[in-house]
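Peer 1: Mind looking over this structure? Questions follow.
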Amino acid sequence: MLFKSCVKSRHFTVAPMLGAAFVVAGLAFPVNVAGAQDAVAAGPPEKEVSQLLEQSQAAARKLARDASLLESFTRGNLSWESHAAQLQAIKDHINTMGADAKRLQELHPAAAPWQQHAIDRIIPLMVEMASLTQTAIEHVNANRDRLHTPEYTQYLKDKAEVSANLSGLITDFVVYGQAKAKLAELEKSLGVAGS
């Protein structure tokens with residue numbers, strides 16, 4: 001869990017986040033080689049990587065939508081509870097993507113070269129998004145009555161931009177993978193050697 005809620009009076013509050021609970025933060029560490037070998041034995045890794053990229057694409061779209069909505073809160077006079085609820089939705093998307101990213105890293109050694117490139121490009125954006133989310137959560141925790149500071153507004157703008165970039169990047173790789181698979185299928189049906 002990226003952060004957890006706790007009850008305080010009748011209101012939802014965002015509890016401070018602990019580094020150990022930060023799902024995406026662990027993504028930058030090296031992958032266990034035995035785990036990668038197990039993944040290869042479990043089935044065709046290229047197919048699983050493609051499926052995980054498609055799952056991540058769906059979560060990234062939701063993440064981009066919710067980050068953009070949160071950024072729009074800076075132009076209104078919404079309560080800190082509204083900010084906290086939106087950060088919770090963003091946290092959920094990041095954790096979903098974090099689980100997929102962990103598996104992608106396990107499959108990285110056995111993935112196709114283009115998939116390895118995709119994983120290498122996507123993971124840093126996920127980590128950056130998680131870090132920006134953590135910063136926004138910490139700001140809301142410490143400054144419930146000051147949600148229009150330039151720093152917080154900038155965090156939210158950055159989150160919206162990074163999430164849009166992440167969503168676009170994953171979409172581009174998914175479309176590329178689908179086109180590549182279609183081409184391979186067509187080459188096979190025509191009896192033409194692949195390039």
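Peer 1: Of all residues in the stretch 78-113, count the ones that are over 15 Å from Leu166 (Cα atoms), hydrophobic (A, V, I, L, M, F, W, C), in contact with a helix residue (DSSP H, G or I) (Cβ under 8 Å, 6 or more places away or on another chain) and in contact (Cβ under 8 Å) with a residue 40 or more places away in the chain.
Peer 2: Residues that pass the stated criteria total 9.
Peer 1: Hey, any hits in the stretch 53-70 for a residue that's modelled with pLDDT of 90 or more, over 20 Å from Val162 (Cβ atoms) and of a type in the set (A, V, I, L, M)?
Peer 2: no
Peer 1: Name every residue in the stretch 91-144 that is β-branched (Val, Ile, Thr) and over 29 Å from Phe73 (Cβ atoms), in order of residue number.
Peer 2: Listed by number, the list holds a single entry, Ile119.
Peer 1: Exactly one condition in (1) at pLDDT below 90; (2) surrounded by 15 or more Cβ atoms within 10 Å (Cβ to Cβ); (3) assigned to a helix (DSSP H, G or I) is not met by Ala20; state its number.
Peer 2: Condition not satisfied by Ala20: (2).
Peer 1: Can you pull out every residue in the stretch 101-120 that is buried (at least 20 other Cβ atoms within 10 Å of the Cβ) and either among the basic types (Lys, Arg) or more than 19 Å from Ala181 (Cβ to Cβ) (or both)?
Peer 2: Matches in the stretch 101-120: Ala101, Gln105, Glu106.
Peer 1: Now for a separate question. Report, ordered by the first and then the second residue, all pairs with beta carbons closer than 6 Å, sequence separation of six or more or different chains, a first member in the stretch 51-77 that is more than 22 Å from His108 (Cβ to Cβ), and a second member that is in a helix (DSSP H, G or I) and of a type in the set (D, E, K, R).
Peer 2: Ala67/Lys159; Glu71/Lys157
Peer 1: Now a separate question. Do you know which of the residues in the stretch 136-159 that are in contact (Cβ under 8 Å) with a residue 60 or more places away in the chain and polar (S, T, N, Q) is surrounded by the most Cβ atoms within 10 Å (Cβ to Cβ)?
Peer 2: Among them, the one singled out is Asn141.
Peer 1: Sticking with this one: Does any residue of the stretch 160-168 turn out to be in contact (Cβ under 8 Å) with a residue 60 or more places away in the chain, more than 30 Å from Ser50 (Cβ to Cβ) and part of a helix (DSSP H, G or I)?
Peer 2: The answer is no, given that none of the residues of the stretch 160-168 is in contact (Cβ under 8 Å) with a residue 60 or more places away in the chain, more than 30 Å from Ser50 (Cβ to Cβ) and part of a helix (DSSP H, G or I).
The values are calculated or read from the model by the stated rules, or taken from the named source; none is laboratory data. Keep in mind that what you see is a predicted model, and the values were worked out from it rather than measured. So basically every Cβ, Gly included, is an ideal-geometry build from the backbone, and we count neighbours across all protein chains shown.
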